[in-house]
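Below is one structure; the comments refer to it alone.
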Amino acid sequence: MSASEQSSSAARMFAVARRDAAVLLSYQFALLVRVLQAVVFVVTLYFISRLVQRPAVLGPYQGRYFEFALVGAILVSFATLGLGSFSQAISEEQRVGTLEMLLGSPTRLAVVLAGAFVVPLALTGLEVVAYGIAGVLLGAHFSLSGVLLALPVLALTIATFCAMGILSAGFIVLTKRGDPFALIGTQATTLLAGSLFPVAVFPGWLQPLSKAVPAYYGLHGIRAALLTGAGLRVVAGDAAVLAAFAVALLPLSIAFFAWCVRVSRNAGTLGTY
Amino acid sequence: MVRVAARESVEALRSVSFHVAPGELVALAGPNGAGKTTLMKVAGALLPPTGGRAVVDGIDVTTDPRGARARLGLVLPDERGLYWRLTGRQNLEFFGVLAGLSRPAARRRAGALLERVGLDDDRKLVFGYSSGQRGRLSLARALLTDPKVLLLDEPTRSLDPVSAAQVVRLLGDLAAEGRAILLSSHRLDELDAACQRMVVLVEGTVRYTGPPLGLGESSPTRAAMLEALMQPAADR
């Protein structure tokens, strides 16, 4: 094989993404349903917001529950993406029986997993766009200048979720089912981080627990940027905490995943489910 | 030599030693549970042995599994190893890029291989294929990088006799092109016809290595030989 006929890691990653896109497009109705679900959810949030107009507890956000909850819903979407997409990719390959053939190729599993993140990321992006468009049509208002500050916070939040998602994928490699990381991560994000309500409504003893959940800082930073027009100083604090989470968790999760793959490969159970 | 964990450790292969030369088609025969698939997976660098070594085209699979994988084509008996929501061509192009080919090279190679194995319907998804067509597509995938070594675990399992004969002829051609081929099958007649040498594996050990035994022929002598050869050690 000449050098010009060889594929790079990036080309292999995009081959995985192209494969996923082709499979996804063979289920077009599922794509439409996902967008519709997003729109229906936004409409639901809108009517809930009319019920809880201008609650005092949302003072820092000018009492705008609709926008507050929309940001929460968007972050939960990205949490689900980061926490679940790696383990889902592994499970799917095991289920359809292709994992062993992928491992039989000279491509690293990490490259395959990185490629398998692309289409779910695009899908979540599409879902978030649907959230945004439906939200704006229903009267949501965001600070456009805050978008630039919110994006790095979102990226760091996704990186933290991905680190937990890689832990989760490692667990799935070993146990095939019953992964606790995604469950804990999603529930903690939905409940403890305050995605749909402010943590100020928690009893005092529970509130400090929220600060142990990375999503808390993501939600705080993004809401500050988009809803209150907060400056770099406020958002940078949240970004720093998220960066610390990501730096601590990513190497740990990658090492754990590699260990799980090694154990499973040695046991001959990598391709089974 | 190899430990495969299900619920407990099992010694799946023991003191197995043989080689397949370039241009040679060697048949691997043995009863169910003899260790044929384990042997294929060890040689295919999918399953690390707990002891010993396997060498593919000069590369030790235990020390350089990725290098070994780049030099071999592998067919496993599970027809689920393809993406059923993709066409045959899309499957081959995908696995071609993963095997290290550039996208244009993978596309060219996929087209040529689909023609070679007699699958040229571009629009048909793999779930619409017959088992035999999936078998042929798996074989085409093993040939994507034009490997010098082919490890084929029951490649004709799901094929009708005519398709199986076509595949066996193709394997003969591939061996004639200088490839080293290790072929396992339960179809003894096709092993006789196709291979130059035979390895019989029983309970993880090599029971016979040598010229084809004519095991597929139906004669009382052959039947007795086959029974004696395949018998577990405890019964001998």
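A few comments on the model shown:
- Segment A:253-266 residues that are within 12 Å of chain B (Cβ to nearest Cβ), paired with ones that are in a helix (DSSP H, G or I) and at pLDDT 90 or above (beta carbon under 8 Å, 6 or more apart): A:261/A:170
For (1) more than 14 Å from chain B (Cβ to nearest Cβ); (2) modelled with pLDDT of 95 or more; (3) surrounded by fewer than 16 Cβ atoms within 10 Å (Cβ to Cβ); (4) in contact with a strand residue (DSSP E or B) (Cβ under 7 Å, 6 or more places away or on another chain), each residue gets a yes or a no:
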position: A:111; (1), (2), (3), (4): no, no, no, no
position: A:116; (1), (2), (3), (4): no, no, no, no
position: A:123; (1), (2), (3), (4): yes, no, no, no
position: A:141; (1), (2), (3), (4): yes, no, yes, no
position: A:148; (1), (2), (3), (4): yes, no, yes, no
position: A:151; (1), (2), (3), (4): yes, no, yes, no
position: A:161; (1), (2), (3), (4): yes, no, no, no
position: A:167; (1), (2), (3), (4): yes, no, no, no
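- Looking across segment A:37-73, the residues that are touching a residue at least 60 places away in the same chain (Cβ under 8 Å), open to solvent by 70 Å² or more (accessible area, probe 1.4 Å) and farther than 17 Å from residue A:127 by Cα come down to A:60, A:62.
- Qualifying residue in segment B:130-138 (condition: open to solvent by 20 Å² or more (accessible area, probe 1.4 Å) and modelled with pLDDT of 95 or more): no
- Test: residue in segment A:45-55 that is basic (Lys, Arg) and within 14 Å of chain B (Cβ to nearest Cβ): no
- Subset of segment B:34-53 (residues that are in a loop (DSSP other than H, G, I, E, B) and within 14 Å of chain A (Cβ to nearest Cβ)): B:35, B:44, B:45, B:46, B:47, B:48, B:49, B:50, B:51
- Residues of segment A:1-55 that turn out to be among the β-branched types (Val, Ile, Thr) and under 21 Å from residue B:108 (Cβ atoms), as a count: 1
- Total residues in segment B:70-95, condition crowded, with 22+ Cβ neighbours inside 10 Å and at pLDDT below 90: 2
- Number of residues in segment A:91-140 that are over 16 Å from residue B:97 (Cβ atoms), hydroxyl-bearing (Ser, Thr, Tyr) and in contact with a Leu (Cβ under 8 Å, 6 or more places away or on another chain): the value is 2.
- Residue A:133 being assigned to a helix (DSSP H, G or I), open to solvent by 20 Å² or more (accessible area, probe 1.4 Å) and touching a residue at least 12 places away in the same chain (Cβ under 8 Å): no
- Counted residues, segment B:96-115 - those being in a helix (DSSP H, G or I), facing another protein chain (nearest Cβ under 9 Å) and either open to solvent by less than 10 Å² (accessible area, probe 1.4 Å) or small (Gly, Ala, Ser) (or both): 5
- Of the candidates B:30, B:51, B:23, the single residue that is touching a residue at least 24 places away in the same chain (Cβ under 8 Å) and within 18 Å of residue A:266 (Cα to Cα) is B:51.
- Residue in segment A:197-208 that is within 16 Å of the chain's Cα centre (by Cα), in contact (Cβ under 8 Å) with a residue 60 or more places away in the chain and within 16 Å of residue A:76 (Cα to Cα) present: no
- Selection of segment A:243-273 for residues being closer than 21 Å to residue A:88 by Cβ, of a type in the set (Gly, Ala, Ser), more than 18 Å from the chain's Cα centre (by Cα) and crowded, with 17+ Cβ neighbours inside 10 Å yields A:264, A:271.
- Boolean, residue A:16 is more than 9 Å from chain B (Cβ to nearest Cβ) and surrounded by 11 or more Cβ atoms within 10 Å (Cβ to Cβ): no
- Test: residue B:80 is within 11 Å of chain A (Cβ to nearest Cβ), in a helix (DSSP H, G or I) and within 18 Å of residue B:152 (Cβ to Cβ): yes
- The selection criterion, being within 14 Å of chain A (Cβ to nearest Cβ) and either at pLDDT 90 or above or surrounded by fewer than 21 Cβ atoms within 10 Å (Cβ to Cβ) (or both), does not hold for residue B:188.
- Filter pass, residue B:75 being more than 9 Å from chain A (Cβ to nearest Cβ) and of a type outside the set (Lys, Arg): yes
- Residue match in segment A:171-192 (condition: out of contact with any strand residue (DSSP E or B) (no Cβ under 8 Å at 6 or more places or on another chain), buried (at least 22 other Cβ atoms within 10 Å of the Cβ) and under 24 Å from residue A:40 (Cα atoms)): yes
- Out of A:212, A:240, sole residue that is open to solvent by 30 Å² or more (accessible area, probe 1.4 Å) and at pLDDT 95 or above: A:240
The values are calculated or read from the model by the stated rules, or taken from the named source; none is laboratory data. These numbers were taken from a predicted model, which means no experiment stands behind them. FYI the Cβ positions are ideal-geometry reconstructions off the backbone, even for glycines, and counts take in every protein chain you see. With ligands, DNA and RNA removed, areas are computed over all heavy atoms of the protein, side chains included. Shrake-Rupley method; radii C 1.70, N 1.55, O 1.52, S 1.80 Å.
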